[in-house]
1. Order E30, E5 by their accessible area, 1.4 angstrom probe, all chains in place, largest first.
2. Report the FRET efficiency, 1/(1 + (r/R0)^6), for K29 and Q68, where r is their Cβ-Cβ distance and R0 is 41 Å, rounded to 0.05.
3. With a point put 7 Å past each Cα toward its Cβ, work out how far K57 is from K38 in nm, to one decimal.
4. With a 1.4 Å probe and all protein chains left in place, how much of the accessible area of the range 1-44 comes from carbon and sulfur atoms, in whole percent?
5. From the P(r) of the range 1-47, can you give the percent of Cα pairs sitting at distances over 12 Å?
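The values are calculated or read from the model by the stated rules, or taken from the named source; none is laboratory data. Owing to the predicted nature of the structure, the values given are computational and were not obtained by experimental measurement. Note: ideal-geometry Cβ built from the backbone for every residue, glycine included; neighbour counts use all protein chains shown. Please note that ligands, DNA and RNA were not included when accessible areas were found on the heavy atoms of the full protein model with its side chains. Shrake-Rupley method; radii C 1.70, N 1.55, O 1.52, S 1.80 Å.
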Amino acid sequence: MNWVEALSCIAGLIVSIMADRRWLYGELKEERNKYERKYQEKEAECEKLRNQINQLKIKIIKLEASQQDAFFDGKDKNHD
């Protein structure tokens, strides 16, 4: 094989490696973005559930306080 053919083969290999690398990078970037979106959705769902839990805790505390004949702030009902 002469040098011109060898150089063209080497150049072809380099170009194909660069194209494969660019394709792989694009695929990995898509996957990363997909999982980032899923993570954000789940994070929002968790935050919503945390808020619901906190609201339920407040309701429980108020219910317990009302059963003990006291307002939520700890004062008696008769006290104005």
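1. Highest to lowest solvent-accessible surface, that is E30, E5.
2. 0.10
3. Spacing of the two 7 Å Cα→Cβ label points: 3.0 nm.
4. 64
5. Of all Cα-Cα pairs in the range 1-47, 72 percent lie more than 12 Å apart.
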